[in-house]
Ligand SMILES: Nc1ncnc2c1ncn2[C@@H]1O[C@H](COP(=O)(O)OP(=O)(O)O)[C@@H](O)[C@H]1O
Ligand SMILES: [Mg+2]
């Protein structure tokens, strides 16, 4: 992408109303624009990162055996009357009336809808287990939307739903998602800790929140510090095998959010390992048995010929919130420092004298080679001052910056700056481009 053709409205000043660094940087880097309280447009740069996060979440769901589909944002009130949640959900639900005076709502979550779909097609023990998911916008009329997209009213969620014959089988689905979440957040450059959590309005008895530790997090959390640096199961884990030991290893140590905190239990953690901190909830998994299948009559016939309600669970990831969490974890005073897995551009080419024939030619060349190598470079071909170019390259977090100017070129040299470490390498154009194309620089 050539910057002169792109849409990147960066701001010099930090907007006064943005309290936390991720919100400030997202506004300054031209990633989002607020349209109403808690409702945002995703400008091209923000959209690019959002899509990369979404794709990693998707790949890890697929790997764990979940099947993607897509349900609508607008749902009918009648569906929610069946579960009894239409009245319970309260003011957080955005209620809509259509032209025929039918009561509709903008979905805050999809348990009812997926249960309706399941019961329409699946009747037998042969139809389970099933894990179905979608990645879709949700709306919750939060009392206090804040911190930008961290607590929005409209937000993107990945929600998976599991259907199993009985409690034991449901536990296996729960474990699949538990492990998939550890892998997902790790690929996004985040250290997440699963913590025992309250089940809230979704209900049920087994629930974990996945928390990324950050000073600006909304939740107060307490855990054994060994959980923070524990290795993740990794991509070669066998999802059809027994995942219980992996889950047990992480649930044996103390970890709880404020609502579930038990100070007597926490006191048993060795003093030097007691961590009380703040965190961002990036995922939440629930096993709720027959809470929905019972009232909504989603039953399956067991091998003994009897019909029983199917056992269910639901598993959410805050896809849009993750963008904020990633920035909270990876930034410095100059701007974003993306983990490579989600960087909006793989590299930048900075032309220090646009209009100078030799510099333009070297930049065009480097840009073309990086494009061919699949690096998705951003080429700053504008007439802006070098200082402004460097500042926005750092602000938007270009992981490798190829800096090309007439003075260096005369000696056959250009600079490669590594955003994370700040390292600068002086190289010939050919070497610099070749090393970037081979991805042989270390990003620290
Ligand atoms: N208002 C919001 N803005 C952004 N992300 C949200 C919001 N509410 C929930 N999420 C994300 O969706 C995930 C699943 O939501 P859920 O646990 O059902 O919501 P809650 O924790 O509010 O009860 C959460 O873990 C969080 O990452
Ligand atoms: Mg939650």
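Among the residues that make up the stretch 385-407, is at least one of them assigned to a helix (DSSP H, G or I) and more than 30 Å from residue 46 (Cβ to Cβ)?
Yes, some residue in the stretch 385-407 is assigned to a helix (DSSP H, G or I) and more than 30 Å from residue 46 (Cβ to Cβ).
What do you reckon, is residue 228 under 26 Å from the mean Cα position of the chain (by Cα) and within 16 Å of ligand 2 (Cβ to nearest atom)?
So residue 228 does not fit the description; no.
Looking at the stretch 365-382 only, could you name the residues that are outside any helix (DSSP H, G or I) and within 18 Å of residue 405 (Cα to Cα)?
Listed by number, the residues that qualify are 377, 378, 379, 380, 381, 382.
Residues to consider are 435, 385, 419, 353; find the one that is surrounded by fewer than 20 Cβ atoms within 10 Å (Cβ to Cβ) and either within 23 Å of the chain's Cα centre (by Cα) or over 26 Å from residue 30 (Cα atoms) (or both).
435
Looking for something touching a residue at least 12 places away in the same chain (Cβ under 8 Å), crowded, with 21+ Cβ neighbours inside 10 Å, more than 27 Å from residue 53 (Cβ to Cβ) and in contact with a helix residue (DSSP H, G or I) (Cβ under 7 Å, 6 or more places away or on another chain) - is there at least one such residue anywhere in the stretch 144-166?
For the stretch 144-166, residues touching a residue at least 12 places away in the same chain (Cβ under 8 Å), crowded, with 21+ Cβ neighbours inside 10 Å, more than 27 Å from residue 53 (Cβ to Cβ) and in contact with a helix residue (DSSP H, G or I) (Cβ under 7 Å, 6 or more places away or on another chain): present.
Given the residues 209, 265, 220, 215, which is the only one that is in a strand (DSSP E or B) and surrounded by fewer than 19 Cβ atoms within 10 Å (Cβ to Cβ)?
220
If residue 373 satisfies every condition in (1) touching a helix residue (DSSP H, G or I) at 6+ places or on another chain (Cβ under 6 Å); (2) touching a residue at least 40 places away in the same chain (Cβ under 8 Å); (3) over 23 Å from residue 44 (Cβ atoms) but one, which is the exception?
(3)
Quick check on my filter: what residues within the stretch 86-110 are touching a helix residue (DSSP H, G or I) at 6+ places or on another chain (Cβ under 7 Å) and in a helix (DSSP H, G or I)?
86, 88
Please go through the stretch 309-336 and pick out each residue that is assigned to a strand (DSSP E or B) and in contact (Cβ under 8 Å) with a residue 24 or more places away in the chain.
Correct list: 311, 312, 313, 314, 315, 316, 317, 318, 331, 335, 336.
Among the residues of the stretch 223-238 satisfying the criterion of being out of contact with any strand residue (DSSP E or B) (no Cβ under 6 Å at 6 or more places or on another chain) and buried (at least 17 other Cβ atoms within 10 Å of the Cβ), which is nearest to residue 169 (Cα to Cα)?
Result: 237.
Of the conditions (1) more than 14 Å from ligand 2 (Cβ to nearest atom); (2) more than 16 Å from residue 128 (Cα to Cα); (3) touching a helix residue (DSSP H, G or I) at 6+ places or on another chain (Cβ under 8 Å), residue 294 fails just one. Which one is it?
(3)
Hey, can you tell me all the residues within the stretch 185-202 that are at pLDDT 95 or above, within 12 Å of ligand 1 (Cβ to nearest atom) and either in a helix (DSSP H, G or I) or within 19 Å of residue 298 (Cβ to Cβ) (or both)?
Listed by number, the list holds a single entry, 185.
Kindly provide the set of residues from the stretch 135-148 that are within 14 Å of residue 317 (Cα to Cα) and away from ligand 2 (no atom under 16 Å from the Cβ), ordered by number.
Hits for the stretch 135-148 are 135, 136, 137.
Output the residue which, of all residues in the stretch 270-287 that are in contact with a helix residue (DSSP H, G or I) (Cβ under 7 Å, 6 or more places away or on another chain) and within 16 Å of ligand 2 (Cβ to nearest atom), is farthest from residue 213 (Cα to Cα).
Restricting to residues being in contact with a helix residue (DSSP H, G or I) (Cβ under 7 Å, 6 or more places away or on another chain) and within 16 Å of ligand 2 (Cβ to nearest atom), the top hit is 287.
Could you list all residues from the stretch 224-255 that are outside any loop (DSSP other than H, G, I, E, B) and within 17 Å of residue 186 (Cβ to Cβ)?
Within the stretch 224-255, 226, 227, 246, 247, 249, 250, 255 meet the criteria.
The values are calculated or read from the model by the stated rules, or taken from the named source; none is laboratory data. Everything numeric here is computed off the predicted structure, so don't read it as measured data. For neighbour counting, all protein chains shown are included, and Cβ atoms are generated from backbone atoms with ideal geometry for every residue, glycine included.
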